[in-house]
Amino acid sequence: MKKRIYSVLVENRSGVLGKVAGLFSRRCYNIDSLVVGETDDPDVSCMTIVSSGDERTIEQIEKQLNKKLDVIKVKTFSESRCIARELMLVKVKYNSHNRREIMEICELMNVQIVDMSKHFMMLQLCDTPEKIKLLLNLLNSISIVEVARTGTLALSKCMEND
Amino acid sequence: MNGADAIIKCLEAEGVKNVYGYPGVAICPFYNSILESDIRTILIRTEQNAAHAASGEARISGRPGVCAVTSGPGATNVITGIATAFADSIPLVCITGQVHTDLLGTDAFQEADITGAVESFVKYSYLVKDVNDIPHIMKEAFYIANSGRKGPVLIDVPIDVQNATINKFKYPEEVKLRTYKPTMKGNALQIKKVIKELEKAKKPIICAGGGVLLSDAQENLRHFAQEHQIPVVSTMMGLGVMPTKHPLYFGMVGNNGKAYANRAMNESDLLIMVGASVADRAVSQPDLITKGKILVHIDVDPAEIGKNAGATIPLVGDAKCIFEDFEKESFEGNYAEWLETLKEYRVSMAKKRNPNPAYVDPAAFISALSEKMEEDAVYVADVGQNQIWSCSYAVTKQGKFLTSGGMGTMGYSIPAAMGAKIAAPERQVVAVCGDGSFQMSMMELATMQQHHVDVKIIVLKNNSLGMVREYQQFTYKEHYSMIDLSGSPDLEKLSAAYDIPFQRLYNMEKMDEVIDTFLAHKGSMILECIIDPMDIVR
């Protein structure tokens, strides 16, 4: 299984997300994450889809995406050839015993504390998918109340011929 | 001018001659406006068959077939017909009425989210929300349906949009779609590579699929094969690319095909697959067509190449363009020995049947019938055992062989034959079905009579769902379930009720005579052949 990131420029019209997502479920392709947002051109949206599969599946996904009439362009890259970021918000329950430990993790990993109450705090991390995973692992021993993640956003690295 | 008038103007601009459909309130503005046009309307008896009939017309005319139905159940009924066309890449433009724009999403009476429901079976779909979009949407729809890999396009038009006044009607001359530019011309380097491989090859073979017919490349392919003496096999959808009796033709491949055709394909050292999707029914083991040989895969749809089998030389483009380019290349190949081997296989591996003399032998019957049919006749096969016998024994000369290959939709033959006949009234059109598939579209006998469409229908009667029965016989050790067709109507009485002449053939004795009368008769006729209920296709 290989992981692949697809950056898909699509017409910014209603129903397009459904068509693209439907393609994945219909053909039994995985969606690890899917993020959609408008680009600098309001007529164009960018979908960042992370998927995985064998060589043939990965190639088919690109071809099938290209077949969709609402798809303008498909760029595909592996994680090493792009800058990938994900935003995560985590709500944790804290007490006098683990407060220090949480604060240390936050400091080490550049995590911001964005909200707090007497027993809860909300942490924010915007970093690579690996760091997000790492933070979740670290916080697992402390009680996590809720997690919200955006999924991976990615752009290929800056090249002179861009 | 309102939206409905505009749709009709667009159909006229596209040269549409016939519209198949069924009305309901939501499509009434359309059927009101069409009265002012010369476009012929054919009232089908159930919506699925409107799509099949449009598909039959498209496969003869080479232009998109058009059907128009109402919202809700009208639209959902047409889905199977659309899916059937999609599976075989047949160009259709399907117009559905829809509830008032203000009611969309409210679960209104006869509201169905048809663009959502049909998404996986269309090449593209539109929900028209502004009447002024009609001209460019119609232009795009016809272009999309009939270019690149062809297929159905659905246009859903709410009733208020059909009734709204259009500001200025102008049918666009060109289509501008930034997301859709099908590749027609094959890459010159890849073409040279194929020719080089052909020069080196000892045992080349061409496997022709339905894409060859869709791009109207059969003459080019025949000419190329003839010129260089390259043998040809075909998939089910490619039947008719080569005349059945052509010396270079070695039959249909696949699990229901000829053993010698499969062997020829597997033993070749260079396989040129053109316009075929390499799906399970044609190629059950993709390994066999890639191991130890060069696979050239030609398709207008890049996603088909490498989907089921990895090609050595992928070649994206339209079959006609590519074969025209092939024809320009000169090369020397000597495949005489290979051809001799294949000819030997054709004789030694031919299947022998042991027909029960108490019944009509479907194999002998189909071969006699098709031999007697006119040179350019259209043979429409339904689905079931009848389809396999038709594929195996029908002789195609310069005519066409139509069937639902991808979807295997029962009931396809009668409506598709009607569409074919309407597209080419001068040609002989024969639909061959079983008693199961006949009953799936026998309501269309009324359509045939009402609109004077002369279709000749063969019903192979065995009082059972033969294909399933045969499957249960071998897979479930004769544990039969749901295959008994008792209760079926007496076809003689049924034909009389529709005022259609009828004949029945009990055994082989009078076969020639009966076929001659059947084919010579002017107008529709039903011929029922009583076949052995235990007969098998394998």
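The values are calculated or read from the model by the stated rules, or taken from the named source; none is laboratory data. Computed from a predicted structure; not experimentally measured. Because the Cβ atoms are built from the backbone with ideal geometry, glycine has one as well, and the counts that use them run over all protein chains shown.
Quick look at the numbers
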{"read-out": "Residue count for the range B:98-127, restricted to those that are more than 13 Å from chain A (Cβ to nearest Cβ) and either surrounded by fewer than 22 Cβ atoms within 10 Å (Cβ to Cβ) or more than 23 Å from B:CYS10 (Cβ to Cβ) (or both)", "value": "11"}
{"read-out": "Evaluation of B:LYS139 against (1) at pLDDT 95 or above; (2) closer than 30 Å to B:THR312 by Cα (one fails), failing number", "value": "(2)"}
{"read-out": "B:LYS196, sole failed condition from (1) under 24 Å from the mean Cα position of the chain (by Cα); (2) surrounded by fewer than 20 Cβ atoms within 10 Å (Cβ to Cβ); (3) not aromatic (Phe, Trp, Tyr)", "value": "(1)"}
{"read-out": "Options A:LYS91, A:LYS131; residue that is at pLDDT 95 or above, over 23 Å from A:GLY22 (Cα atoms) and in contact with a helix residue (DSSP H, G or I) (Cβ under 7 Å, 6 or more places away or on another chain)", "value": "A:LYS131"}
{"read-out": "Unmet requirement for B:SER234, which otherwise passes all of (1) surrounded by 24 or more Cβ atoms within 10 Å (Cβ to Cβ); (2) touching a residue at least 60 places away in the same chain (Cβ under 8 Å)", "value": "(2)"}
{"read-out": "Within the range B:396-511, helices (runs of 4 or more DSSP H) holding 2 or more residues that are surrounded by fewer than 16 Cβ atoms within 10 Å (Cβ to Cβ)", "value": "B:444-450, B:466-475, B:491-498"}
{"read-out": "Residue in the range B:4-19 that is part of a helix (DSSP H, G or I) and among the basic types (Lys, Arg) present", "value": "yes"}
{"read-out": "Whichever residue in the range A:4-47 is within 12 Å of chain B (Cβ to nearest Cβ) and in a strand (DSSP E or B) and, among such residues, is farthest from A:ARG85 (Cα to Cα)", "value": "A:GLU11"}
{"read-out": "Residue identified as among the polar types (S, T, N, Q) and at pLDDT below 95 among B:ASN167, B:ASN146", "value": "B:ASN167"}
{"read-out": "Checking A:LEU134 against (1) closer than 30 Å to B:VAL122 by Cβ; (2) outside the structural domain of A:SER33 (by TED's automatic domain parsing), the condition it does not meet", "value": "(1)"}
{"read-out": "Test result for B:ALA108, of a type in the set (Gly, Ala, Ser) and without any contact (Cβ under 8 Å) to a residue 40 or more places away in the chain", "value": "yes"}
{"read-out": "Criterion (within 23 Å of B:SER330 (Cα to Cα), outside the structural domain of B:PHE401 (by TED's automatic domain parsing) and touching a Leu at 6+ places or on another chain (Cβ under 8 Å)) met by exactly one of B:MET252, B:MET242", "value": "B:MET242"}
{"read-out": "Any hit, the range B:52-63, residues being more than 14 Å from chain A (Cβ to nearest Cβ), modelled with pLDDT of 95 or more and either farther than 22 Å from B:GLY15 by Cα or more than 15 Å from the chain's Cα centre (by Cα) (or both)", "value": "no"}
{"read-out": "Elements of type strands (runs of 3 or more DSSP E) in the range B:54-139, at least 3 residues being within 23 Å of B:ALA423 (Cα to Cα) and either assigned by TED's automatic domain parsing to the domain that holds B:VAL25 or in contact with a Cys (Cβ under 6 Å, 6 or more places away or on another chain) (or both)", "value": "B:65-69, B:92-98"}
{"read-out": "Selection status of A:VAL71, within 11 Å of chain B (Cβ to nearest Cβ), surrounded by fewer than 18 Cβ atoms within 10 Å (Cβ to Cβ) and among the aliphatic types (A, V, I, L, M)", "value": "no"}
{"read-out": "Hits in the range B:140-149 - residues which are part of a loop (DSSP other than H, G, I, E, B), within 13 Å of chain A (Cβ to nearest Cβ) and touching a residue at least 40 places away in the same chain (Cβ under 8 Å)", "value": "B:GLY148, B:ARG149"}
{"read-out": "B:ILE526, sole failed condition from (1) in contact (Cβ under 8 Å) with a residue 60 or more places away in the chain; (2) in a helix (DSSP H, G or I)", "value": "(2)"}
{"read-out": "Residue match in the range B:128-139 (condition: without any contact (Cβ under 8 Å) to a residue 12 or more places away in the chain and either buried (at least 21 other Cβ atoms within 10 Å of the Cβ) or over 24 Å from B:ALA303 (Cβ atoms) (or both))", "value": "yes"}
{"read-out": "Residue identified as under 23 Å from B:ILE195 (Cβ atoms) and among the β-branched types (Val, Ile, Thr) among B:VAL278, B:VAL253, B:VAL283", "value": "B:VAL278"}
{"read-out": "Hits in the range B:20-53 (condition: touching an Asp or Glu at 6+ places or on another chain (Cβ under 6 Å) and assigned to a helix (DSSP H, G or I))", "value": "B:SER33, B:ASN49"}
{"read-out": "Hey, B:ALA6 more than 18 Å from B:ALA145 (Cβ to Cβ), touching a helix residue (DSSP H, G or I) at 6+ places or on another chain (Cβ under 9 Å) and at pLDDT 95 or above or not", "value": "yes"}
{"read-out": "The lone exception for A:ARG4 - which of (1) without any contact (Cβ under 8 Å) to a residue 40 or more places away in the chain; (2) surrounded by 15 or more Cβ atoms within 10 Å (Cβ to Cβ); (3) not aliphatic (A, V, I, L, M) it fails", "value": "(1)"}
{"read-out": "B:ASP160 vs. criteria surrounded by 15 or more Cβ atoms within 10 Å (Cβ to Cβ), of a type in the set (Asp, Glu) and within 29 Å of the chain's Cα centre (by Cα)", "value": "no"}
{"read-out": "Residues located in the range A:48-68, provided they are within 14 Å of another protein chain (Cβ to nearest Cβ) and touching a residue at least 12 places away in the same chain (Cβ under 8 Å)", "value": "A:GLY53, A:ASP54, A:GLU55, A:THR57, A:ILE58, A:GLN60, A:ILE61, A:GLU62, A:GLN64, A:LEU65, A:LYS68"}
{"read-out": "Output for the range B:283-312, where each listed residue is of a type in the set (A, V, I, L, M) and farther than 22 Å from B:PHE250 by Cβ", "value": "B:VAL300, B:ALA303, B:ILE305"}
{"read-out": "Extreme residue, nearest to the other protein chains (Cβ to nearest Cβ), among residues of the range A:74-86 that are surrounded by 14 or more Cβ atoms within 10 Å (Cβ to Cβ) and of a type in the set (Val, Ile, Thr)", "value": "A:VAL74"}
{"read-out": "The range B:21-40, residues that are without any contact (Cβ under 8 Å) to a residue 60 or more places away in the chain and in contact with a Gly (Cβ under 7 Å, 6 or more places away or on another chain)", "value": "B:TYR22"}
{"read-out": "Matching residues, the range B:369-395, being closer than 23 Å to B:GLY436 by Cα, in a helix (DSSP H, G or I) and of a type outside the set (S, T, N, Q)", "value": "B:LEU369, B:ILE388, B:TRP389, B:CYS391, B:TYR393"}
{"read-out": "Count of residues meeting criterion [over 14 Å from B:GLY411 (Cβ atoms) and of a type in the set (Val, Ile, Thr)] in the range B:44-78", "value": "5"}
